[in-house]
Amino acid sequence: MMKSISLKIFPISNSLLYGLFVIPRHEEYLPMIPLGLKETKEVDFFEQFSDFILEHYSVDPSNFEDSILDLIDTRQASRTPTRDQAGVELLCKYYNLLYYAERRFFPVEQRNIGLFFEWFDSITGEPSCQKTIALEKASILFNIAALYTQIGAKTDRTKVDELNYAVDCFLKASGIFQHIIETFTNAPSFDLQPYVLDIFVLLMRSQAHECRFKVLQMENSTDYERLFIESNCLMREYGKIHYDIQLNGINLPACWEALIPLKTEFFKSLSHVYFAKNVAKTELQNKDAMNDKNRLKIIKAHLQASQSSHEEILRLQRMCRELRTKIKISKVLHDLEECICNEMYTLPENINDDEGEIIDTTIKETTSKCNLVNIAPDFGKVEDPFKELGPIAVFSARRSWSAPRSVRLHKTDYQTKSNGTEEFGFCIKSNSPVMISHVDINSVADLGGLKVGDFIVEINGHDAKYYTQAEVLENIRISMNTLDLKIITPMQFISKPGFVSDLIEKSFAHLSDTSSSGISSGASSPTNTNKLLKNRFSNVWKNLRYKMK
């Protein structure tokens, strides 16, 4: 049972109590933690991409020299981006180009086109090498996020608009790190491991919260309850980061490992100061809630707790060689110490620590009123530099087709009379590119070699990869009796001809209905194509036998 000892208290006016506390000046602040960029070696795409265009797409690679060189130049520039928004836009442009490069030149299969990407860890410096483009994309994303942290860390935190800009930068970095966690697996380097990225997500959100707290100090310097809540939340956020680092055994730079617990103690000290300030302000507004003796004891107890945290901060600073030389940190800590000492001097001298009951200075957990949410990455858009290869949904490295073959369809008088129509005898489906969906038996198209599932890539000497059905129909109409086509056949139709009809229906069920491109006889599709073919060739054989007799 604790004994209570009466205290002799000097009378203090309300105006003096209300103005007791002097918070550190706003021009002094603790430094932020910016991440370094990952470095990489040069990669030359020219030879590999040119060979792939010739082999896979059967196209002259000289038509794409400028596109490949532009991709190489963009990658080279992205190795040393400027530390501003222009540098971010450059990295985003290259990341978008990687999307097209991956779809055009990197098959899903284990086939390697001869390119290897080597990146160095931003923390350990160890190299990682992969033949897949996933490492390249993840590393560029990491550098975009790291660039945002550097931009946010160098903002002028004495201005509200600069602080708000820093908040956006840190939240964008946090969003990109979260995107890497959710998108990429089997990280080859330490700085891309999920548990390390989780730390970065928490760290960037805490630094954004710290900037928002600075704005609150500048705009609402007398809202002590709100300042106490936010400083207490910051203490717990940095404390959790420090705990997770220790729990996972993550080896970060020494200055980071010292600065994070230092900030934990700094905001703990500030929370005690603001709590005491809020007690003084509350009691001035409601004198009957608590007598002066207990009020002063609570204020003094929290100021003493703030002093203890300040001593721990000084110890952490002395233990880190990098932090000992930071003049700005020393100024912030000096201002905090001066603030605490001034408040202690204003208290009556006869409030002894060994008198009365012990005051519990444990601060309960509070919920921040700052709604900080990760900002989803927005990488913008760029035009496909390899657009002339065709629509990327079909003409990609993941799909294969036969070499383009030329077909000339010519309607003779005999074929027109035997079919009772002046049409070529095939139907089309889908857009960009247009596909052959039906071929009439014994028609001009059938005898010319058209097959169901073929894509029309050229018509009458014009590139038709991006043509719609209407454009193909118009070209067929003006071609009169002779139609020149260039056709390709997807490999799945070649390897499994028995499933052609099923594949067509499954692949293009979501597209528009079949069009009769001036080419169909108007008859319904045959229900048994094999039977009709058998009868067709049976009649030919009978005629030959009759002539031989």
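The values are calculated or read from the model by the stated rules, or taken from the named source; none is laboratory data. Since this is a predicted model, take the numbers as computed values, not measurements. When we count neighbours, we look across all protein chains shown, and the Cβ atoms used for this are built from the backbone with ideal geometry, even at glycine. Each accessible area value is taken on the protein alone, full model and side chains, heavy atoms only, with ligands, DNA and RNA left out. Shrake-Rupley method; radii C 1.70, N 1.55, O 1.52, S 1.80 Å.
Numbers for the structure displayed
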item: The stretch 330-348, residues that are within 12 Å of Gln317 (Cα to Cα) and open to solvent by 40 Å² or more (accessible area, probe 1.4 Å); result: Ser330
item: Contacts under 8 angstrom Cβ, first residue in the stretch 163-183 being more than 16 Å from Cys92 (Cα to Cα), partner β-branched (Val, Ile, Thr) and crowded, with 23+ Cβ neighbours inside 10 Å, 6 or more apart; result: Phe170/Thr149
item: Selection status of Asn294, open to solvent by 20 Å² or more (accessible area, probe 1.4 Å), within 14 Å of Ile363 (Cα to Cα) and not basic (Lys, Arg); result: no
item: Sole residue being over 30 Å from Val457 (Cβ atoms) and touching a helix residue (DSSP H, G or I) at 6+ places or on another chain (Cβ under 8 Å), chosen from Arg104, Arg75, Arg79; result: Arg75
item: Tally of residues being within 18 Å of Ser206 (Cα to Cα) and open to solvent by 10 Å² or more (accessible area, probe 1.4 Å) across the stretch 220-244; result: 11
item: In the stretch 434-452, the residues that are outside any strand (DSSP E or B), in contact with a helix residue (DSSP H, G or I) (Cβ under 9 Å, 6 or more places away or on another chain), buried (at least 18 other Cβ atoms within 10 Å of the Cβ) and not hydrophobic (A, V, I, L, M, F, W, C); result: Asp440, Ser443
item: Among (1) assigned to a helix (DSSP H, G or I); (2) within 30 Å of Thr132 (Cα to Cα); (3) touching a Ser or Thr at 6+ places or on another chain (Cβ under 9 Å) - the single one Leu227 does not satisfy; result: (2)
item: Only listed residue being surrounded by 19 or more Cβ atoms within 10 Å (Cβ to Cβ), part of a helix (DSSP H, G or I) and over 42 Å from the mean Cα position of the chain (by Cα), chosen from Val273, Val279; result: Val279
item: Qualifying positions in the stretch 405-438 - among the β-branched types (Val, Ile, Thr) and modelled with pLDDT of 90 or more; result: Val407, Ile428, Val434, Ile436
item: Helices (runs of 4 or more DSSP H) within the stretch 1-118 that include 2 or more residues under 30 Å from Phe386 (Cβ atoms) and either open to solvent by less than 80 Å² (accessible area, probe 1.4 Å) or modelled with pLDDT of 90 or more (or both); result: 46-56, 65-78, 85-105
item: Residue count for the stretch 365-400, restricted to those that are within 30 Å of Arg205 (Cβ to Cβ) and of a type in the set (Gly, Ala, Ser); result: 3
item: Tally, over the stretch 292-331, of residues that are under 36 Å from the mean Cα position of the chain (by Cα) and among the basic types (Lys, Arg); result: 3
item: Yes/no for Ala138 being closer than 25 Å to Tyr29 by Cβ, part of a helix (DSSP H, G or I), among the hydrophobic types (A, V, I, L, M, F, W, C) and touching a residue at least 40 places away in the same chain (Cβ under 8 Å); result: no
item: When residues of the stretch 383-404 are limited to those that are open to solvent by 40 Å² or more (accessible area, probe 1.4 Å) and in a loop (DSSP other than H, G, I, E, B), the one modelled with the highest pLDDT; result: Glu383
item: Leading residue by the ranking (nearest to the chain's Cα centre (by Cα)) among those in the stretch 119-129 that are open to solvent by 40 Å² or more (accessible area, probe 1.4 Å) and within 19 Å of Leu98 (Cβ to Cβ); result: Phe120
item: Some residue of the stretch 204-219 being open to solvent by 10 Å² or more (accessible area, probe 1.4 Å), under 17 Å from the mean Cα position of the chain (by Cα) and in contact (Cβ under 8 Å) with a residue 12 or more places away in the chain; result: yes
item: Boolean, Ala146 is surrounded by 20 or more Cβ atoms within 10 Å (Cβ to Cβ) and of a type in the set (Gly, Ala, Ser); result: yes
